[in-house]
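Engineer: Once you've had a glance at the structure underneath, I'll fire off some questions.
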Amino acid sequence: MKKSLSFILTLSLVMSVVTVAFEELTPTAAAAVTGRFGGVTTSVKKVWRGNEWEVLRLTNKERMDRNRPPLSTTSRLQKAARVRAVETIGLFSHTRPDGTSCITVFNDFNIDYSYAGENLAAGSKEAAGSIKQWMNSPGHKRNILDADFNHMGAGYTSANNAYKYYWTQMFTGGCQINNISVGSTSSKPVFEPGKNITALDLIVILACSHGKSYMPLAPKMCKGYNQNSRKKQTVTVSYKNLKTSFTMSPPPKTSSGSVTGKRLPSPQGLRLTASKASWKAVKNNNGYVLKILRSNKTVRRVQIKKNRTSWKIPKGLLSKGKNYRFTLIAKGKGSFKNSKSAGSKVFTR
């Protein structure tokens, strides 16, 4: 039984003028302090590409904004959607080049369904542009918001013609989702406190008769996440009547981090800003040695006179976004062997 074969296509030529703005970057409080996830499946193999994933994310946002359950994609659906995107270059129609209906592509990849739908668009360079086109068209919008659909494959391709960019959405429905979990494509996923849930790039893994399917984890699916918290959190994820959870452990307590223009607390006395290293004087010293390392390689080794308690960091020495370890050694009188550590700290430029 087939339902909702609402095959309305959108074709528009988009011409745009791109304005590029240049902004001078200044140092910020940019230390990457990371924690760990628990209960997250790692090394999930991607069956999607970046712009296809964005189509799915934006589609689900439209659905969840209207209290519809989000859609997931499968490896087979992605392949089917890409085939249709390529086919529409030569024939922008819900009829395939061989004269059959567009839904026959599901048979090519052994995809079973009770309900099916297809949306096509051309001319928009970005996924958001195609979503906007579809949402402004009643037929396409109906497909995007149809509560009978469970899955959606997104296809994208480009061509050397007037329209350049071709997009497809292939919808199916009729199966029952029976289990959900949370995953990541990384083998060792980490999180940075301060980021919203979308920026963590987590994935919801769903199980049904089609096998595994995937969708981006969205804020509206989550309960218990506080992006500003530095405490261990348990986040509950909901999809329809199904729930799962995962934990987010706080970052380890280290001296890592920086706040530009402010001193960092240090029990050993070494303080850092983006432009200066300073310290408390060590009694009976015979001068200091300041070492700056990045990835265990020495960037600079500086000999400093005994009456000094600061060193100006040369402009351009530290690259933005990189971690550096500063180690200060106070030399003992008469022998370098009698020296002692006056402080060691990680600094992020």
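The values are calculated or read from the model by the stated rules, or taken from the named source; none is laboratory data. From a predicted model like this one, the values you see are computed outputs, not experimental measurements. Heads up, the Cβs are rebuilt from the backbone with ideal geometry, glycines too, and the neighbour counts pull from every protein chain shown. Side chains included, ligands, DNA and RNA excluded: accessible areas come from the protein's heavy atoms. Shrake-Rupley method; radii C 1.70, N 1.55, O 1.52, S 1.80 Å.
Engineer: Could you please report the charge total around ARG294, scoring K, R as +1 and D, E as -1 over all other residues with beta-carbon less than 9 angstrom from its beta-carbon?
Structural biologist: +3
Engineer: Between rounded, prolate and oblate, where does the range 152-243 land on the alpha carbon gyration tensor, with a ≥ b ≥ c its root eigenvalues, rounded for a/c under 1.5, else prolate if a/b exceeds b/c?
Structural biologist: Oblate.
Engineer: Amide H of VAL299 versus every other amide H placed in the peptide plane: which residues, excluding those fewer than 5 positions away on the same chain, fall under 5 Å?
Structural biologist: ILE292, LEU293, ARG294
Engineer: Over the heavy atoms of TRP53, what accessible area does a 1.4 Å probe trace out, to the nearest 10 Å²?
Structural biologist: Only protein atoms counted, so the area is about 50 Å².
Engineer: Could you derive backbone 3J(HN,Hα) for the range 49-66 from the dihedral phi with the Karplus parameters 6.51, -1.76 and 1.60 (θ = phi - 60°), listing whole Hz in sequence and x where the residue is Gly or Pro?
Structural biologist: 3J(HN,Hα) across the range 49-66, in whole Hz: 10, x, 6, 5, 4, 5, 4, 5, 4, 5, 4, 5, 4, 4, 5, 5, 5, 10.
Engineer: For the range 201-207, take each phi angle, set θ = phi - 60°, evaluate the Karplus expression 6.51 cos²θ - 1.76 cosθ + 1.60, and give the result in whole Hz per residue in order, putting x for glycine and proline.
Structural biologist: Residue by residue, the range 201-207 yields 6, 8, 10, 9, 9, 10, 10 Hz.
Engineer: Tabulate in residue order the Karplus-calculated ³J(HN,Hα) for the range 293-304, using 6.51 cos²θ - 1.76 cosθ + 1.60 with θ = phi - 60°, rounded to whole Hz; enter x for Gly and Pro.
Structural biologist: Those phi angles translate into 10, 9, 6, 6, 10, 6, 8, 8, 10, 10, 8, 10 Hz.
Engineer: Continuing with the same structure: With 29 Å as the limit, write out which pairs from LYS195/LYS322; LYS283/LYS320; LYS45/LYS125; LYS141/LYS164 have Cα-Cα distances beyond it, or answer none.
Structural biologist: LYS283/LYS320
Engineer: Along Cα→Cβ, 7 Å out, is where each label goes; now give me the distance between the ones at LYS322 and ALA162 in nm to one decimal.
Structural biologist: 5.1 nm
Engineer: Measure off, as a whole percent, the carbon and sulfur share of the 1.4 Å-probe accessible area of the range 163-215, all protein chains present.
Structural biologist: Within the range 163-215, the accessible surface is 42 percent carbon and sulfur.
Engineer: When Lys and Arg each count +1 and Asp and Glu each count -1, what net charge do the other residues less than 9 Å away from GLN78, Cβ to Cβ, add up to?
Structural biologist: +3
Engineer: Which shape class, rounded, prolate or oblate, goes with the range 43-160 when its Cα gyration tensor gives a ≥ b ≥ c as root eigenvalues, a/c under 1.5 marks rounded, and past that a/b bigger than b/c marks prolate?
Structural biologist: rounded
Engineer: Go ahead and run the numbers for FRET between LYS315 and ALA199, Cβ-Cβ distance against an R0 of 41 Å, rounding to 0.05.
Structural biologist: Approximately 0.85, to the nearest 0.05.
Engineer: Let me ask something else. Under the rule of at least 5 residues apart or a separate chain, name every residue whose amide H is placed under 5 Å from the amide H of ARG36.
Structural biologist: The list, which skips near neighbours in sequence, is PHE191, SER249.
Engineer: Considering only DSSP states other than H, G, I, E and B, which trypsin sites (Lys or Arg not before Pro) in the range 121-157 qualify as loop sites with at most 14 other Cβ atoms within 10 Å?
Structural biologist: Listed in order of number, the matching sites are LYS125.
Engineer: So how far apart, in nm, are the two label points at ASP148 and MET64 if each is 7 Å from Cα heading toward Cβ?
Structural biologist: Placing both labels 7 Å along Cα→Cβ, they lie 2.6 nm apart.
Engineer: Could you work out the relative contact order of the range 26-153? I mean the mean sequence separation of Cα pairs under 8 Å and 6+ apart, divided by the number of residues, in percent.
Structural biologist: Contact order relative to length: 32 percent.
Engineer: Separate question: Assuming R0 = 25 Å, can you tell me the calculated FRET efficiency for the pair ASN136 and ILE89, based on Cβ-Cβ distance, to the nearest 0.05?
Structural biologist: The calculated FRET efficiency here is 0.60.
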